[in-house]
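Below you'll find the structure, written out as structure tokens, and then a few comments.
The values are calculated or read from the model by the stated rules, or taken from the named source; none is laboratory data. This structure is a prediction, so every number in the text was calculated from the model and none was measured. Cβ atoms come from the backbone with ideal geometry, glycine included; neighbour counts cover every protein chain shown. To get the accessible areas, we keep the full protein, side chains included, count just its heavy atoms, and leave off ligands, DNA and RNA. Shrake-Rupley method; radii C 1.70, N 1.55, O 1.52, S 1.80 Å.
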Amino acid sequence: MCGIVGYIGPRRAEGVLLDGLRRLEYRGYDSAGVAVLDSGDVAVVKAAGRVQDLADRLSRRPLKGKSGIAHTRWATHGEPNDVNAHPHVDCGSSIALVHNGIIENHGALRRRLEEHGHAFRSETDSEVLVHLIEEYATGDRPFEEALVRALKDAVGTFGIAVMSLKEPEVIYGAKRGSPLVVGLGNRRDEFFIASDPAALLAYTREVIYPDDDEVVRLSVEGVETFSLDRVPQEKSVESISWSLDEIERGRFPHFMLKEIFEQPEVVVNAVRGRLDAENGMAVLGGLRDVEERLRGVERLTVVACGSACLAGAIGEYMLEEYAEIPTEVELASEFRYRKPVLDPRREAVIAVSQSGETADTIGALREAREKGVLTLGVVNAVGSTIARETDAGVFIHAGPEIAVASTKAFLAQVTVMALLAVFLGRQRRMSRVMGGRICREILALPEKIGRILEQNDRIRSVAEKYAHYSSALYLGRKYNAPVALEGALKLKEIAYIHAEGYAAGEMKHGPIALLDSSFPVMAVATRDSVFEKMKSNIEEVRARRAPVLALATEGDEEMYRLADDVIYVPKTLEMLSPILNVIPFQIFAYHAAVARGFDPDKPRNLAKSVTVE
Ligand code: F6R
């Protein structure tokens, strides 16, 4: 949430910053702004709306300086407008700051600063930071000292980039609970700072990840890292494996469609080198160090948010059926505040997160760590907070996910949950034959996904048919109950159609009251152990004259008797069926959004990577 980027080096900063903001726009698109050191001044240009609105403004007022900071905003405090856009400046317009996170004690700080004569311009929590630094940067006190004093006063989360006329050729960054990465230019004569590696990839792959309560100082001479007590910190240089192609849209009209179409490859990448079909094993190097501890685990809790939580819910079915480990899935935002009872001798907590930066999931993870429980991560972003703070884990290797609505990361998360079920199952009572069967079926998935993608045009026409309804009910059972919830989530978040996802057996306990000819039902009715029950549920829906769109197994002609529209998916093992069944719902939501005239990549009010609670 909120993208920040900073640059110092030989190029004109404006271009680098705008390029970085475009790549970070998925983190927020309420407003954008830059501050550049220009002819001895801190020149600030901001605009409500998209990065393009800022670019238009800058084209009328180009900035020539070679160091600067920039921001794309997802509004928390204060509505999206020019004034609330970052960067924020102090009273003397000599310090500029961009911020991602929430300063929880901003009210008290603001009152104190106002009493001392500071004049605030915006309604944001972020602006207090820049005035606080100004407050401390008096006389000949070094800027750095003022900065750390201010950060010590701040309660809450921040990833910041800040520049000051007091040290004109320097950019400072700092973090607590919000992501921050520093990029080292290839010739070491330019340096970058950003909330997300996507902003840096066009320039460098070598990065440093500052830890919480660390400050970085970027100048053309290099990067220094120190603690809030100004003790220098040694940092290792890491390499980003994502490629530039992966963060570009290519021939696709939207990132979301591109990411949906990447899914055959996503499964290949998630399982590469990890399946030993002959011995029926999943080989998970990231769990090697905790393998013995995992043998003794008798209970698992999966913590996550949104789609990642639904991937975890599918994992719950897999882990209980195949590894026979009692498993609970919990919304991270609930888990962290409800005083969960955990036994560190027998339990483990799995945090599932694409970004690895979701504030609630980090909070839940820390709660588990405090209780001494073994923690595992199922994460996409290498170097992210969750990846670094878990004891062990399995990367999903989905590549960068740019569209705000998760598709390929969800698929990779479910795939990795299947690998975990095999890994943990084989540690327990799962037979080699069963393990081998699951491995072989996983290997067959990419081709089957391809068969679903071939139906894109047909799914588009179905989506166009249903796009004018104002509500929809998604139904599924057992492994596909979470798929129903995920289908509904996709539709509401990008097409703004009110959609409910329900375990089909629950329909008659309430939601059936909603159904009539204006309320369509999307039913997962593929051939599995609950198929007959699902068919009865569809009959119940039809009796209320609700239009039905069914997902059915290839060859199931009978389904046309029950449903108005049918989308066919290939047969697979029941435990893996969510990996196939979710795809038509992703494509359906995408086309419904486009048909309704919305941008599926940038749904209103949402942003990728929810770094605030
Ligand atoms: C929905 C969606 C969100 C995320 C959720 C968790 O399409 O993308 O619900 O799944 O915000 O994000 P991560 O996986 O980054 O923790």
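Here are the numbers for the structure shown:
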{"item": "Meets criteria (out of contact with any helix residue (DSSP H, G or I) (no Cβ under 8 Å at 6 or more places or on another chain), assigned by TED's automatic domain parsing to the domain that holds F519 and not polar (S, T, N, Q)) for K478", "result": "no"}
{"item": "Residue match in the stretch 441-452 (condition: surrounded by 18 or more Cβ atoms within 10 Å (Cβ to Cβ) and within 29 Å of R604 (Cα to Cα))", "result": "yes"}
{"item": "F395 vs. criteria in contact (Cβ under 8 Å) with a residue 12 or more places away in the chain, closer than 30 Å to G285 by Cβ and open to solvent by 10 Å² or more (accessible area, probe 1.4 Å)", "result": "yes"}
{"item": "Meets criteria (part of a helix (DSSP H, G or I) and more than 20 Å from E334 (Cα to Cα)) for R388", "result": "yes"}
{"item": "Unique residue being under 27 Å from E493 (Cβ atoms), hydroxyl-bearing (S, T, Y) and open to solvent by less than 10 Å² (accessible area, probe 1.4 Å) when the list is S384, S406", "result": "S384"}
{"item": "Residue count for the stretch 163-198, restricted to those that are more than 28 Å from N380 (Cβ to Cβ) and touching a helix residue (DSSP H, G or I) at 6+ places or on another chain (Cβ under 7 Å)", "result": "4"}
{"item": "Filtered residues of the stretch 355-378 (kept if within 15 Å of the ligand (Cβ to nearest atom), without any contact (Cβ under 8 Å) to a residue 60 or more places away in the chain and open to solvent by 10 Å² or more (accessible area, probe 1.4 Å))", "result": "R366"}
{"item": "Residue, surrounded by the most Cβ atoms within 10 Å (Cβ to Cβ), within the stretch 272-310, restricted to residues that are closer than 27 Å to K608 by Cβ and among the small types (G, A, S)", "result": "A304"}
{"item": "Matching residues, the stretch 311-327, being open to solvent by less than 60 Å² (accessible area, probe 1.4 Å) and either hydroxyl-bearing (S, T, Y) or away from the ligand (no atom under 16 Å from the Cβ) (or both)", "result": "E316, M318, L319, Y322, A323, I325, T327"}
{"item": "Selected residue [more than 19 Å from S471 (Cβ to Cβ), more than 16 Å from the ligand (Cβ to nearest atom), in contact (Cβ under 8 Å) with a residue 60 or more places away in the chain and surrounded by fewer than 22 Cβ atoms within 10 Å (Cβ to Cβ)] from Y568, Y560", "result": "Y568"}
{"item": "Filter pass, E330 being open to solvent by 10 Å² or more (accessible area, probe 1.4 Å), within 16 Å of the ligand (Cβ to nearest atom), not hydroxyl-bearing (S, T, Y) and not in a loop (DSSP other than H, G, I, E, B)", "result": "yes"}
{"item": "Residue list for the stretch 235-271, filter: part of a loop (DSSP other than H, G, I, E, B), of a type outside the set (K, R) and open to solvent by 50 Å² or more (accessible area, probe 1.4 Å)", "result": "S236, V237, S241, L244, E248, G250, P253"}
{"item": "Single residue of the stretch 61-73 satisfying the filter (open to solvent by 50 Å² or more (accessible area, probe 1.4 Å) and modelled with pLDDT under 95) that is nearest to I95 (Cα to Cα)", "result": "K64"}
{"item": "Matching residues in the stretch 267-299 - criterion: being of a type in the set (A, V, I, L, M) and out of contact with any Asp or Glu (no Cβ under 7 Å at 6 or more places or on another chain)", "result": "V267, V268, A270, V271, L275, A277, M281, A282, L284, L287, L294"}
{"item": "The stretch 483-531: number of residues that are part of a helix (DSSP H, G or I) and either more than 15 Å from the ligand (Cβ to nearest atom) or open to solvent by less than 10 Å² (accessible area, probe 1.4 Å) (or both)", "result": "20"}
{"item": "Count of the stretch 379-426 residues which are closer than 14 Å to Q263 by Cα and more than 13 Å from the ligand (Cβ to nearest atom)", "result": "3"}
{"item": "Sole residue being out of contact with any helix residue (DSSP H, G or I) (no Cβ under 6 Å at 6 or more places or on another chain), free of Cβ contacts under 8 Å to residues at least 60 places away in the same chain and open to solvent by 20 Å² or more (accessible area, probe 1.4 Å), chosen from A85, A43, A108", "result": "A108"}
{"item": "Conditions (1) open to solvent by less than 10 Å² (accessible area, probe 1.4 Å); (2) assigned to a loop (DSSP other than H, G, I, E, B); (3) away from the ligand (no atom under 12 Å from the Cβ); number of the one not met by K339", "result": "(1)"}
